[in-house]
Amino acid sequence: MKAGLIPALRQTTRWQIIIVRPGAEPLLSLALPLLPQPQPSTEPIQQLIDNLRTQKETVNTMAQLRLAHEWAAYDGLLLVVDQFEELFTTAATDGDEQMAAVSRADRAAYIRNLLYAASRPSGAVRLVITLRADFYHRCADDDGLRAALADCQEYIGAMNMAEVREVIERPSLIAGYQLQNGLTEVILDDLGIVEGQPEPGFLPLLSHALLKTWDQRQGFTLTLADYYAAGGVKGALRATADDMYNNLSAPEQTLARAIFGALTEVREGAEDTRRRVYRPELATLAADDALLTRVMRKLTQARLIVTDQSLEAKPTDLLTENYSYAEVAHEALIREWPLLRTWLAEDRLHLQMRRLLAIAAQEWAKHNEDTGYLYRGARLQQVKTWVSNPNASLGPQEKAFLRASLRQERVMHWQRRSMVIGALVLLILAGIFIWKTAQRAQWRSQALGMSDLVAVAGETVALCPPQDDQIFCSPEDANAVLMTVAPFAIERYEVSNAQYELCRKAGACDVNLYSEQYGQPAYQRFPVQGVSALQASAYCRWLGRRLPTEVQWELALGNEQPDFPDAHELSPVSDPVHTTTSGIGNLLGNVREWTRSYAQNNADAYQEVLWDETVNSLSFSSFLVIRGGSWLDSSQRDSFDGRKTDETVGFRCVTHND
């Protein structure tokens, strides 16, 4: 195409001709020639790439703008897409699914823009694509491209023997040279022509063989000796590559191997192809810029690689300092140079890993370093293993990408570790909570088991102002007030030290008691002493009970007027000094007991004016009634500040009846 079609069109038309190749970043390769160069920053290029992704009219619009200004001298734009198969060979299909999806989307946008521009009636843009026949079937995946190829294509078949003979002889004859008799036939035989047609892919080999034969010439005749000295069709390219490599120093040979690896697109299940590589990526292959420049110059002078500058440069200066990309001169080199084939076989995994890492790093940078594009898990571990290989080399972007991936891995590791630790702590705390809850329930059950209840039948009683330590009186009394008391149950004995200790261990009671006996093993069965009304109420509520009212306490006592000594020894609760006829022990004697009735002389308020068992309801002026005589005195009725304690005061509980 570059030797025939393009020169012919330049002679016969006034078209601006742009030749592009898709390469690894097809939208970038399409955007660059559509913008005036140079640009002050990368922002206009990135903006144009974004437009290409989202708007199919972008190529046509940009072409019309340029034709109206910088390209006004031309009648239109001829956009030539060479090696169209690169749309399929350089896609990130071997990477992760996210990268493959991006690659497919860019390929679709590339095709959409080309077809739209070429289909406009204005004819501002004409499109030519060149495509290897073995990739023709890949175009069928796109409906628009398939239809366009069906209507507008020129299928270039293989040359016949007469055409190959003309390719060999005519350039020399035009230049005033001649070929020795029999040379053409030898070359045709070396090309392996069968039934009038050569083997596929012969032109690069033939071109290089003729060039090296030309270099060997003496006079104006290209001889068989010159041809054999060059190595022939099969050996010329290999001999050139071997000679170049053997003349390199050891560091240069190492770098040359890395360069050819970078310039080759290696794929599983498909033929290896050449790959265009831009200068920043090449710079990552060598720590020494001078070494890179020296090796690149030798490779271009041997015509094994070409750059965007060496294509137009003089033979003595094939590499300039301003080249932007490089690529293998002939794909035949990849197929026919045994040493390169050996390298690719040995380095295939390394090259694939580096390529995938480069693509991933580009996508990460393109999306403002979004952490969602970083490597993680098994893929990151694979890259870490690969990076430890001495042959692994990374560019600045790949290094930044890998550092960010490793940093994120550490963060995620500590997050996972913190979550695991947190979960373990929660499990431990939950276990402790469950264990403590079960233990509290067990302690409460033990306390309930130690507490025997005696049922007290409800009845209507007459209440009078206190007289002789009693509030019950005869219904005929002029001051009597009748009150109906609902049935209830009262604990048979006072609460013991052992019971109160269970409440303390469960956390429902405190131990700020006015009692020297509390906690001593010998006194576990004795009544708890020196408790305030608040402490007594807390215990009763722990069991789901409450302190008795004075009316309940006196109803439980009945009409008995016991006669017992004023002073006696404190005894265990189960060894009462007094028992009622209903079997309730120590309502009189042992310890006095708290009620939740306020001390008052108004019989009407005995049942209504009661302590609600909160600390705020108690004050110095609001005393609670305590009943029953103690081991120190025989007084049956007294009052005391519910916030304070006394060694003669204990308590018992009653069940709820409201």
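The values are calculated or read from the model by the stated rules, or taken from the named source; none is laboratory data. Owing to the predicted nature of the structure, the values given are computational and were not obtained by experimental measurement. Cβ placement follows ideal geometry from the backbone for every residue including glycine, while neighbour counts extend to all protein chains displayed. Calculation scope for accessible area: heavy atoms of the full protein, side chains included, ligands and nucleic acids excluded. Shrake-Rupley method; radii C 1.70, N 1.55, O 1.52, S 1.80 Å.
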Exercise. Keeping the other protein chains in place, figure out the carbon and sulfur percent of the accessible area of segment 479-528, with a 1.4 Å probe.
Key: 49
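Suppose only helical runs count, i.e. DSSP H with n ≥ 4. What mean residue ellipticity at 222 nm does that imply for the chain under -39500 (n - 2.57) per run, divided by all residues and rounded to the nearest 500 deg cm²/dmol?
So the helix-based figure for the chain works out to -14000 deg cm²/dmol.
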Quiz item: What accessible surface, in Å², does a 1.4 Å probe find on MET450, ignoring ligands, DNA and RNA and rounding to the nearest 10?
Solution: 100
Quiz item: Going highest first, how would you order 163-175, 37-49 by mean Cβ packing within 10 Å?
Solution: 163-175, 37-49
Quiz item: What is the Rg over Rh value, at two decimals, for the chain, using alpha-carbon atoms and the Kirkwood definition of Rh?
Solution: 1.50
Quiz prompt | Cα centre as origin, Lys/Arg/Asp/Glu Cβ charges: the chain dipole, Debye | solution = 3040
Quiz prompt | Sulfur and carbon atoms: percent of accessible area, segment 217-303 [1.4 Å] | solution = 51
Quiz item: Which of PHE135, GLY558, SER207 sits closest to the plus end of the dipole of the chain, meaning its Cα is farthest towards the positive end, when Lys and Arg get +1 and Asp and Glu get -1 on the C-beta?
Solution: SER207
Practice problem: Rounding to the nearest 20 debye, state how big the charge dipole of segment 350-394 is about its Cα centre with +1 on each Lys and Arg Cβ and -1 on each Asp and Glu Cβ. | Solution: 180
Self-check item: Summed residue charge, Cβ within 12 Å of ASP469's Cβ, Lys/Arg positive, Asp/Glu negative
Solution: -2
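For the chain, which span is the longest to avoid every loop-located (per DSSP) member of chymotrypsin sites (Phe, Trp or Tyr not before Pro) having at most 10 other Cβ atoms inside 10 Å?
221-619
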Practice problem: Send over a whole-number figure in Å² for the accessible area per residue of the chain, probe 1.4 Å. | Solution: 50
Exercise. Name the lysines eligible as straight-distance cross-link partners of LYS436: C-alpha to C-alpha under 26 Å, and not fewer than 8 places from it in the same chain.
Key: LYS505
Exercise. Could you pull out every one of the lysines with an alpha carbon less than 18 Å from that of LYS234, ignoring same-chain neighbours closer than 8 positions?
Key: LYS212
Exercise. Would you rank THR284, THR264, THR581 by solvent-accessible area, highest first, keeping every protein chain in place and using a 1.4 Å probe?
Key: THR581, THR284, THR264
Exercise. Whenever you get a sec, line up ARG303, ARG545 from highest to lowest accessible area (probe 1.4 Å, protein heavy atoms).
Key: ARG303, ARG545
Quiz item: Share of segment 1-81's accessible area from carbon and sulfur, percent, 1.4 Å?
Solution: 55
Quiz item: Of LEU357, TRP435, LEU30, which is farthest on the positive side of the dipole of the chain, counting Cα position, with +1 on Lys and Arg Cβ, -1 on Asp and Glu Cβ, and the Cα centre as origin?
Solution: LEU30
Practice problem: Name the aspartates and glutamates eligible as straight-distance cross-link partners of LYS298: C-alpha to C-alpha under 15 Å, and not fewer than 8 places from it in the same chain. | Solution: ASP242, ASP243, GLU252, ASP289, ASP317, GLU321, GLU327
Quiz item: HIS137 accessible area, nearest 10 Å², 1.4 Å probe?
Solution: 120
Self-check item: DSSP beta bridges in the chain [antiparallel fraction, %, rounded to 5]
Solution: 70
Practice problem: With a length cut of 24 Å (Cα positions projected on each helix's long axis) and a Kyte-Doolittle mean of at least -0.5, go through the chain and give me the DSSP H helices that pass. | Solution: 97-118, 338-366, 396-449
Practice problem: First select every other residue whose beta carbon is under 14 angstrom from the beta carbon of PRO171; then total the charges, Lys and Arg +1, Asp and Glu -1. | Solution: 0
Practice problem: Using Cβ-Cβ distances only, list the Cys residues of the chain with no partner cysteine under 4.7 Å, sorted by number. | Solution: CYS139, CYS152
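Rank these residues by their accessible area, most exposed first, probe 1.4 Å: ILE434, ILE471.
Reading off the accessible areas and sorting them downward yields ILE434, ILE471.
Taking the Cβ of LYS644 as the center, what net charge do the other residues with Cβ under 15 Å away carry, scoring Lys and Arg +1 and Asp and Glu -1?
So the environment of LYS644 carries a net charge of -3.
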Practice problem: Set Lys and Arg Cβ to +1 and Asp and Glu Cβ to -1, take the dipole of segment 374-469 about its Cα centre, and tell me which of LEU453, VAL425, SER388 lies farthest positive. | Solution: SER388
